[in-house]
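Throughout, read-outs are computed from the coordinates displayed, never taken from laboratory work. Source: prediction; values computed, not measured. Note that we place each Cβ from the backbone using ideal geometry, even for glycine, and neighbour counts take in every protein chain shown.
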Amino acid sequence: MIFILGPTSKLKINDEVIERFRVYRQLESTATEAGGVLMGRFIEDSDDIIIDLITEPTEKDIRKRCFFKKHLETHQDLVDEIWEESDGTFNYLGEWHTHPEKHPSPSFHDRREWKKVLRKTQCESSLLFFFIIGTESIGAWVGNRRNVKINKLEVWNK
Amino acid sequence: MGNLQSYFLSFHDAIKLEIDDNKVLREKREELLDVLKENIDFEEGKYDIFHQGSYTMHTGVKPFEDGDYDIDVGLLFNISTVDYPNPVTTKKLVYNALKDDYENTEMKYPCVTVKFEGEDDEDDRNYHVDFTIYSNENIDGQTYLAKGKLGSGSDNRTWEHSDPKELVRTIKENLTDSEDRKQFRRVIRYLKRWKDLKFKSVVNRPSGIGLTVAGLTHFYPHFSYNAFTKIYDDLDALESFVQNMINSFSCRINDDGEWEDRLEVNLPTPPYNDIYEKMTGSQMKNFKLKLESLRDSLKEARDEADPVKACEILQKVFGQDFPVPTKKESAQQRGPAIMVDNSSA
Ligand SMILES: [Zn+2]
């Protein structure tokens with residue numbers, strides 16, 4: 001699945017990641033919210049970005065029907081480990097969580113939290129991504145750390 | 001598209017073959033020419049040596065798998081077809097001069113071929129040198145190629161109107177810009193390797209010279225400008241070349257009254273024949289199908305954002321010499337990230 005980032009750049013989610021998202025969809029009325037962080041590659045000689053993997057819910061995370069809070073230290077450790085093992089080529093790219101709705105859109109709370117992430121995260125990328133996994137579709141948003149603006153991404157059709 | 005140009009350039013480095021880079025090839029050629037000079041029974045005249053074939057035109061590729069290295073040498077004899085009406089007589093001058101020293105000397109219809117076993121420990125591939133023999137001193141000022149085998153009757157031998165030097169010049173000097181020319185040569189080499197891989201053990205497969213000549217009309221350089229620097233895009237150039245060839249297939253009725261979809265590639269020099277005329281209707285159909293499949297794979301690779309996956313697609317098309325980077329190699333290195341506490345609802 002590919003989203004348009006700019007006239008000459010794309011954001012791709014590799015199939016393995018889509019498969020993991022599929023697992024966490026809130027299909028049952030009792031299913032709780034899931035979430036984690038997005039990781040992947042900034043492609044050499046281009047502005048393309050590939051999401052190769054995600055961190056998934058851990059025991060210490062708080063999961064409710066309509067609320068998710070990841071245990072920061074646990075996920076930060078995972079991110080550090082993956083970043084180190086990849087010699088700095090697999091990087092933190094943003095956050096994901098699920099919604100119990102067909103075609104997801106961010107809540108007021110989500111937007112406020114995303115802006116906090118944009119303002120306070122320390123990393124070398126000017127862009128961060130936010131994914132919401134609905135029961136029938138995936139919504140993707142890009143945030144700019146310089147101006148803290150958030151925009152929805154369009155799916156790229158060949 | 002992730003930028004695939006650097007992977008294409010590595011592929012090109014892996015497959016290109018220039019005779020100046022290959023000592024064994026050069027030595028074989030010189031050795032044979034020395035033996036020929038020593039032994040030829042041709043007191044009355046002389047011949048000029050002329051290097052032809054893909055190495056001369058900078059479109060040579062390394063032989064694929066167990067293929068031979070082949071070297072093409074033209075011998076332009078200062079004789080006329082009036083004085084030497086039988087082309088086989090002239091071919092025999094060359095054949096006889098070589099056959100005692102080289103047991104694998106054979107007179108083929110268009111040339112005299114000498115085969116060698118490879119001697120190198122690392123590279124045990126075989127070699128063959130094709131000598132084509134021409135009559136080059138005619139009243140009409142033209143050059144004629146000797147065709148015929150030992151014992152060919154007058155119906156099976158001929159002096160064929162030819163202009164090998166002009167053919168080599170036309171291909172070598174195609175396009176005026178030297179960087180455009182390099183892209184032309186690279187793209188021809190990609191296609192030739194594709195042909196070696198996809199038409200393995202196919203009879204009457206499309207020849208390398210046919211693809212090269214097709215490039216004279218169907219290839220256009222593809223690049224974009226970054227300020228005043230041309231940034232070449234070999235994938236685009238190849239895709240449009242292939243598409244132009246596909247578009248040029250046209251239907252015609254064959255000798256049996258059946259419709260055939262054919263690509264005609266006419267030699268730009270005498271005898272101006274269709275290089276692919278010997279391919280049958282079904283061989284042509286297979287050629288077109290393979291071109292279409294190549295085009296589809298090139299499109300797929302271009303649409304793939306992940307260079308690792310794109311190169312995997314291209315490796316299926318071009319074989320193991322096309323590099324596939326690891327995920328690490330495909331990505332930029334960045335510093336660590338320090339995340340912040342947040343929640344979602
Ligand atoms: Zn939410």
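Tabulated data
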| read-out | value |
| --- | --- |
| Neighbouring partner chain Cβ atoms per residue of B:324-331, average, 10 Å criterion | 5 |
| Compactness of the protein assembly as shown as Cα Rg over 2.2 N^0.38 Å, two decimals | 1.34 |
| Where GluC sites (Glu not before Pro) fall in DSSP loop in segment B:163-205, at most 13 other Cβ within 10 Å | B:Glu173 |
| DSSP bridge pairs, the protein assembly as shown: antiparallel proportion in percent, nearest 5 | 80 percent |
| Listed pairs B:Lys28/B:Lys92; B:Lys46/B:Lys91; B:Lys37/B:Lys165; B:Lys198/B:Lys327; B:Lys198/B:Lys288; A:Lys12/A:Lys120 exceeding 18 Å between Cα atoms | B:Lys28/B:Lys92; B:Lys37/B:Lys165; B:Lys198/B:Lys327; A:Lys12/A:Lys120 |
| Between 0 and 90°, nearest 10: helix B:234-247 axis offset from chain B longest Cα axis | 60 degrees |
| Within 10 Å of each Cβ in A:124-134, the average number of Cβ atoms from other chains | 1 |
| Sparse-neighbourhood loop sites, trypsin sites (Lys or Arg not before Pro) in segment A:33-126 - DSSP loop, at most 13 other Cβ within 10 angstrom | A:Lys60, A:Arg65, A:Lys102 |
| Simple spin-label estimate for B:Lys46 and B:Lys299 in nanometres, 7 Å along Cα-Cβ | 5.8 nm |
| Relative contact order (%) - chain A, alpha-carbon pairs under 8 angstrom, separation at least six | 23 percent |
| Size-normalised alpha-carbon gyration radius of chain A, reference 2.2 N^0.38 Å | 0.99 |
| Sparsely packed GluC sites (Glu not before Pro) within segment B:1-87, loop by DSSP, other Cβ within 10 Å at most 14 | B:Glu18, B:Glu43, B:Glu44, B:Glu65 |
| Segment A:26-42-segment B:87-140 distance, computed between alpha-carbon centres (Å) | 71 Å |
| Neighbourhood charge, 15 Å Cβ-Cβ cut-off, centred on B:Pro268 and excluding it, Lys, Arg +1 and Asp, Glu -1 | -2 |
| 0 to 90° range, to nearest 10: angle between helix B:307-318 axis and chain B longest Cα axis | 20 degrees |
| Long-range HN-HN contacts of A:Glu44 with modeled amide H, under 5 Å | B:Ala331, B:Gln332 |
| Angle in degrees between helix B:281-303 and the longest Cα principal axis of chain B, rounded to the nearest 10 | 30 degrees |
| Computed over segment B:175-341, the ratio Rg/Rh where both radii use C-alpha atoms and Rh is Kirkwood | 1.09 |
